[in-house]
Structure formats: structure tokens, C-alpha cells
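The values are calculated or read from the model by the stated rules, or taken from the named source; none is laboratory data. Keep in mind the model is a prediction, meaning the values are calculated, not measured. Quick reminder, even Gly has a Cβ in these numbers, built from the backbone with ideal geometry, and neighbours come from all protein chains shown.
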There are 2 protein chains.
Amino acid sequence: MVSENISPASPVILKRYELLTLGDELLLGLTANGHLTYIGAQLGKRGVLLQRNVTITDEADAIVAQFRESWARADVVITTGGLGPTCDDRTREAVAAVLGQKLVFEPEIVKAIEARFARLGRKMNDNNLKQAYRFERGEVLANAHGTAPGLWVEQDGKVLVMLPGPPNELQPIFAEQVVPRLAKLGLLMEREAYVQVRTAGIGESALEVKLQPIFDRHGDALSIAFCAHQGQVDCRVSSPSGKLSYAQLDEIAAECASLLGEDFMCYGGDSMAKVAADLLRAKELTLAVAETATGGMLASAFTDICGASKFFAGGCVCYSNESKMQLLDVPECLLKQHGAVSAENAVAMAVGAAERLGADYGLAITGFAGPCGGTNENPVGTIYIALHSPHGVWSKKLHYPGPRATVSRRAVNAALDWLRRELVRSARGATTAGGKGGGCR
Amino acid sequence: MVSENISPASPVILKRYELLTLGDELLLGLTANGHLTYIGAQLGKRGVLLQRNVTITDEADAIVAQFRESWARADVVITTGGLGPTCDDRTREAVAAVLGQKLVFEPEIVKAIEARFARLGRKMNDNNLKQAYRFERGEVLANAHGTAPGLWVEQDGKVLVMLPGPPNELQPIFAEQVVPRLAKLGLLMEREAYVQVRTAGIGESALEVKLQPIFDRHGDALSIAFCAHQGQVDCRVSSPSGKLSYAQLDEIAAECASLLGEDFMCYGGDSMAKVAADLLRAKELTLAVAETATGGMLASAFTDICGASKFFAGGCVCYSNESKMQLLDVPECLLKQHGAVSAENAVAMAVGAAERLGADYGLAITGFAGPCGGTNENPVGTIYIALHSPHGVWSKKLHYPGPRATVSRRAVNAALDWLRRELVRSARGATTAGGKGGGCR
């Protein structure tokens, strides 16, 4: 969940960008519109606030009408989808009609498609010849991961970019070819528009109050934007007027980081698990996790990181008491006396995971994520996390309102942040994992 | 990934719906546009193909211009977001200007907001009074989960629905209030427009060929749409002309299900894990899982199901060989001889999980999901799955191309489908888990 008073990353390139995402599967809710998320974020980083995203059916009339409107209004139009080999894909033709351009056959594209099929040991289908057309006054954006290349047109002082729909094809073309071309034309910034300081465990208001003295020294040369999401707040430092150089922005960000201490997580957009993983790897330390209600989400946070086996020993998802006893050596009497949702069990799970798997650190989560479960003492939303480190073991109780997915996500983030802080402290030579906002044991 | 030649669920209500999703956080890619996914799917089920989704900034001028355009073109306009208490939310005013309506203060809304704050032990903020306005010729859609109510207007033969942005507020209002009202006006079907037959393990073309004789008997009274996504294909049976009754559609779906045998998964939209879970629960059987490369995704598939502790004993995410030995009793000599990515290890993991956790079934996945790892014999994308059941244990080798997330998702689906088939067979009294498309051991 993003905070309500999010400010965009002070757009500095005041060009009108429109994104047309084509496909009935988007309008029927069968696939999420990941193109908006990806392209919006990429443009935002380079100083552009996308003005509009329109999703329409891939019917030719709808495409013609919408493209005509967007092309008249915008400086840059980006389309996604509708370039495939099946007969439904009439996007090229529809767009050519509006541009007043012809489509011309491009033998180079056929060669690329044939080479691709040859590598896969298959023969090219005649359908694929449809994909071998480009605009007569336009260029081809090579597609290393699929058959349909992207298309590029500069006309009437505007730019049109057409991209294939599959994300693993679209994203490399966008990052490697489209962004540099747009930057060269002055339609995007040459590098990222802001320096992002990512924080954890501090609220948006408290963060603003703490950093304000730094910001005040720079007056309106500096623009600040905050974005809060589940336990993290990002602070973006930019200079839309260009009065401050990138080196100066970097310095300001470093000053913020230093003032924030442990609440500073990283520059840029790394995940909490990634930051913790880097700290573990730097010291050649290992981690084991154990979880109940979060059901694998804590383990996934680490296993999504490439090369995780270097620091991640493994994890246990323990739903039954039997599994806690069998996998983590949690004593039966402890479960009987305190219950599975207790500080005692969280500690036993963290220690059990670390000891069983021979890891330096053990991180555990137990609780009621809802909607079922919960007791008077520990209602739905109650979470215990525990951390076992070479310096000791601690547990804290947390409570999060909201639906199951929110409770789980916040519990995982709280546990990751606790590990991260302990690793930061340990690197400094300090040895207490007490942390903020939670009772120690 | 949805198949390219998806046909929509034959829309039978030919009304023009437009969805306006407001918010810079969508355009900056900070949050995914889940409203499109949710509302598009809900409308699709009731016979409507959403015509257009436009995402714009929450700046008042942009809202006025876009709403004027959509209101002129559509029969039903739905807006999301921009109803919060902060000063950026000018959506109501912008829309009122286009409608030529006044906003009037509604004391009932204030009462509801006050009652909500009282329940949470907080006092209402003056900002919230902004949310107490409705259109003078319009109604209020009560919000049980937040402060901003939805708004409803019927004017010029059209309908306007304005919904608050948080999904946990929007979705209940839409399902419980908006859908019945629209159906009553004949703008949505009274019940679902189609019967969905969900299948697994059979390709789209093969499915079509197999079911064609059934479809042929009904000629153009029947409309069929297929939608493929990662190992599953949905077949939607509808009668846009109304020549076939719902009872007849149910019969046709049942005939398809019977013809498909084990390839039939369920009616409707349940996940593979849910279907397997229901089969386990019906027989009071339990399951344990063990996984490497999928890093908790297999466990999550089950723990996302409410009440999972009834059938789910637990799971192990084993990255290191140490963890396989410690948690699952995989013999060290087996790992040395065959390696962790092997049929032998998959079997040992499945048996180990079931035995350690005292479960009836054990399901295991090991492999190289990429992008790192892989050997000549077992390149990236190689997956071994194994199933331990009361009747025996089997393993099969699979290979999936694509990025890590795709390989993992498909491996999990393949494992879930294998379990599902074994449970279906076992319920019938058959006892072989050999399955299709994979070697047995």
C-alpha cells in the first residue's frame, strides 16, 4: 500500500507521454497490466511522469480511434502488444493508417526470425512473415527474446514506440534501446532524475521532521518526494531546476543516510531481503528461517535472490505442532504450555532452525494472519518474530490490522528489518538485537 | 502467460463500460493497477467486455477532461480513487462540474464515519468532512471498511459509479452493491454469463479437438472461449443468443468434464492447490512438501488457503545439502552420488517430508530454476518432482524454458497437478501415480 500523500518524483522533463496497452486479456482481468508498472517506473526514474495509460481491446477500429487521439495529444506514444503472428494482430496496419505511412517488408527481420527458429531447432511459420514489416520511414528495434521486433518512428516532432507484449521481450528492448534513444533526443534525462534514500522502521512524518534541517539548507533548489510502502519509506532527492549537480544530490543523500543511522536501508530500490543478504554475504554468514502463518513468504524473500545458496541454509514452514517438534526440535511441553502463537515458540523455532541447519542466524515468524484463527489474548493480526544470532536470541510481539496478505507482508518485512538491523549493529561491533518498538525477551 | 488466441467470454451485454483509474502512484509504477484486473474480471463474468481503461494523474484538469470524454462515449463509467480525505482529492468536484450537479452535504455519511472512528477508538478529523458529500441527484454506496463511501448517479440514461481506491474497500462495495444494481438495470447479466470448465495437463488445441463433437451438436447456439495459463486451460461455455438455458449450459459443461476424465480440474476458478486441498480434506488426509529451487512457492500455494492446518503438515525449503540431510533425512551418500538435482534426491525429499511430518502424502520439487546454476546433464530449467503416496513413490523429470519466475511457477503447477491426479485416481480406487508426459521411477 502506497501512502496517500505520495508526491511523484518531481518530473523535470515536461513532455507528454501516453502508453497504449492493447489486449482483451487485460480488460477481462486475466492478466495484470505489468507494462504500466514497468514503463511507468522506468520513465519516472528518468524524470517523466507518464500522463496517461489507455487499455483498449485489440480490435482494429478501437486501435485506430485511440491511436489517432493519443498521437494528436502526446509527444511520445508507446504501444504494447498486438505485434504477434496471429491474425488478430492488426495493430501495425491500424497505426500505419493514422501515420499515413506504408508498411514495408524488411528482409533483415525475416533473417532474425529464421535464425531464432533455427537455434530452437524449429522451422519458421508463414504467419511470422507478418512480423517482418516496418514503417517505411521508421526503424526496427531488434528483439533478442522473441520473433516480433519493436518499431520506432519519428514524425511530426513526435516519437512512436511499438513494443511486443511478452514482458521478457519488452523489458530488454525498452531498457537497452528505447531509453537511450529517448534520452538522446532530450525526451528523458540522461541518468536517473533523483537519488533515492530507502528507509525502514521510521514513519513518513518522523522521517520528514528528521531530515528537514538538511533540506532547509538548500531551499527550492531541492525537491523532496516521499513514498511509503509497508514498513519502508523512500525519500527521493532531486533538483528539477538543475541548480544542484548530481554530485551534490549524492552528497545530500549521504548526509541523510548518516543522520538516519540504522533507519537507513540503502540507496536505490533493493529489497529488505537483498540488503540483509548482502550483509550476510559480506561476512560469509548463513541464515535459516522458520515460519507458520506466513507460509513460505519469508523463505521466498531470500530464495528469490540469485545465488541464495551462498548464505541461505533453508527454511521450514511449520503448520502442525508435529512439524515444529520434528523439524525444529520445539519441545512438546513448550507448545502445550505456551501455545504455537507465543514468544516462547518463536524463540524455539528461531533457535531450532539455526541449530538444525547449522546456520549463524535463525529468523522465525509465528502468529495469526487471519481471517480464521486467533484467541482473546492473541487476536487475528498477532505476530511473534524471533531472531537467533551468535550474540543471543530475542523475540517481539507485533500486531497488524488488515487482511491476511497485508498481515503476512508486514510480518515478513518486520522480521527482515530486524535481521538487517542486527547485522548492521554487529558489523559495527554492537551486540544487542533489542530493536525498536518491541519488547525483548 | 495467457495464450495468444484468447477469445473473450462472448460478451452478451453490449453496453459500453469505461473504467477510469486515478492516481500518480499507478502512472509511476509504484502500485499495480489491481482495479482493472478485479473489475474487468467481474464484468467479464457477467457478460460485459470492458471497453476501455484509462489511468490518469489525479490532477483536477486531467480528471475533468477525461471524465467528460468518457461520459459522452460510454453507458457506464466507473472511477476508482480520488475520494480520500487529503486535499489532493478533487475528483468529486471535477466530476460534479461535468455532470452539472451540485455536491450536497450528507449527514448520514458523517454518522457512518464517526461510528467507524469510535469503533477504532479514534476521533474524526475535520478532513473527513470532505468525504461527506454526495451528488444532489445521486446515492451513497456505504463503505463498511473505510471512511470514503462510494457514489452512484443515474443521469442521461447513463450510470456513474465512483469507488474508493483501497482494494479491501472497493471490492466489497462492487460485489455487494454495484453488481446487483447494474444487473437490476439490465446493464449486467443476472448471473454468470458462462460456465467455466477448468482443465489441467492438456493443451488448448488438444482440448478443442476432444470437445468439438459435443460443441458441434449445439451449432451456433453455443459459444466457446478458451484461455490458457501455465499448465491450465479454461474453457468457457456460453449462449450469447440465449437459445440455451443455464441448465443446458451446466449439462454441456458436465458432459465436457466427464469426457475429459482426469484432465478436468474443476468448474469455476479454483486454484490447483485448492482443488487438491479439497480432495485431501474430503478423505482427512495430510500433506507435507519439500522444495529447493521454488523456494517456498509450493508451500505458499497451500498456506494461502484458509484453514490449511487441517490438511497441511508443513514444508521444508532446503537450499543446502546440510538442510536436506538434517530436515529430510536425505542420505549424504545419495547427494554425493546423484547430486541435489536428481530423481533420487526428489524421491528422498518427498519420502523424508512425509515421514518426518507424519503426513500421508509428500510432494517434492528440486531443480535449477535459473538464471544461475545448471550442468550439462541438467541445464537451467531442469526440474525433478516426486510424489510419495500411501501407494508408492514416483519421480519425473521436466524441463521448462524461460525466466526463473516462469520455471518456478510451472514446476509448482506440475507438482500440484500430479498430486491432484493421484488423489482423483486414489478416490476411484486406482493406485498408480505414473501420470502423463513423464518417466516413472
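Overview of values
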| item | result |
| --- | --- |
| Selection from the stretch B:372-430 of residues that are without any contact (Cβ under 8 Å) to a residue 12 or more places away in the chain and under 19 Å from B:GLU284 (Cα atoms) | B:ARG428, B:GLY429, B:ALA430 |
| Positions within the stretch A:349-374 being over 26 Å from A:SER309 (Cβ atoms) and either crowded, with 24+ Cβ neighbours inside 10 Å or of a type in the set (Ser, Thr, Tyr) (or both), in sequence order | A:GLY367, A:ALA369 |
| Some residue of the stretch A:82-103 being modelled with pLDDT under 85 and more than 25 Å from A:LEU26 (Cα to Cα) | no |
| Test: residue in the stretch A:309-332 that is within 24 Å of the chain's Cα centre (by Cα) and under 21 Å from A:ALA405 (Cα atoms) | yes |
| Scope the stretch A:314-362; condition touching a residue at least 60 places away in the same chain (Cβ under 8 Å) and within 20 Å of A:PHE302 (Cβ to Cβ); matching residues | A:ALA350, A:GLY352, A:ALA353, A:ALA354, A:ARG356, A:LEU357, A:GLY358, A:ALA359, A:ASP360, A:TYR361, A:GLY362 |
| Residues that are within 14 Å of chain B (Cβ to nearest Cβ), touching a residue at least 40 places away in the same chain (Cβ under 8 Å) and part of a helix (DSSP H, G or I), drawn from the stretch A:274-298 | A:LEU280, A:MET297, A:LEU298 |
| Residue match in the stretch A:168-180 (condition: more than 28 Å from A:LEU26 (Cα to Cα) and within 26 Å of the chain's Cα centre (by Cα)) | yes |
| Number of positions in the stretch B:309-330 that are surrounded by fewer than 24 Cβ atoms within 10 Å (Cβ to Cβ) and closer than 19 Å to B:ALA282 by Cα | 2 |
| Filter result for the condition that a residue is assigned to a helix (DSSP H, G or I) and not assigned by TED's automatic domain parsing to the domain that holds B:TRP418, over B:LEU260, B:LEU244 | B:LEU260 |
| Selection count, the stretch B:58-97, where residues are under 18 Å from B:PRO164 (Cβ atoms), assigned to a loop (DSSP other than H, G, I, E, B) and not basic (Lys, Arg) | 10 |
| Residues located in the stretch B:16-28, provided they are facing another protein chain (nearest Cβ under 7 Å) and either without any contact (Cβ under 8 Å) to a residue 24 or more places away in the chain or in contact with a strand residue (DSSP E or B) (Cβ under 7 Å, 6 or more places away or on another chain) (or both) | B:GLU25, B:LEU26, B:LEU27, B:LEU28 |
| Residue check, A:CYS235 in a helix (DSSP H, G or I) and more than 27 Å from B:PRO403 (Cβ to Cβ) | no |
| Members of the stretch B:117-164 found to be closer than 18 Å to B:THR91 by Cα and among the acidic types (Asp, Glu), listed by number | B:GLU136, B:GLU139, B:GLU154 |
| Residue check for B:GLU262: surrounded by 15 or more Cβ atoms within 10 Å (Cβ to Cβ), in contact with a Cys (Cβ under 9 Å, 6 or more places away or on another chain) and either within 14 Å of chain A (Cβ to nearest Cβ) or acidic (Asp, Glu) (or both) | no |
| Evaluation of A:SER241 against (1) in contact (Cβ under 8 Å) with a residue 12 or more places away in the chain; (2) surrounded by fewer than 21 Cβ atoms within 10 Å (Cβ to Cβ); (3) more than 29 Å from A:ALA74 (Cα to Cα) (one fails), failing number | (3) |
| Qualifying helices (runs of 4 or more DSSP H) (wholly inside the stretch B:301-402; at least 3 residues being under 22 Å from A:VAL317 (Cα atoms) and either away from chain A (no Cβ under 14 Å) or not acidic (Asp, Glu) (or both)) | B:321-328, B:343-357 |
| Hits in the stretch B:260-284 (condition: more than 12 Å from B:PHE311 (Cβ to Cβ), among the hydrophobic types (A, V, I, L, M, F, W, C) and over 22 Å from the mean Cα position of the chain (by Cα)) | B:LEU260 |
| Yes/no for B:THR31 being closer than 17 Å to A:HIS35 by Cβ, surrounded by fewer than 21 Cβ atoms within 10 Å (Cβ to Cβ), facing chain A (nearest Cβ under 9 Å) and at pLDDT 95 or above | no |
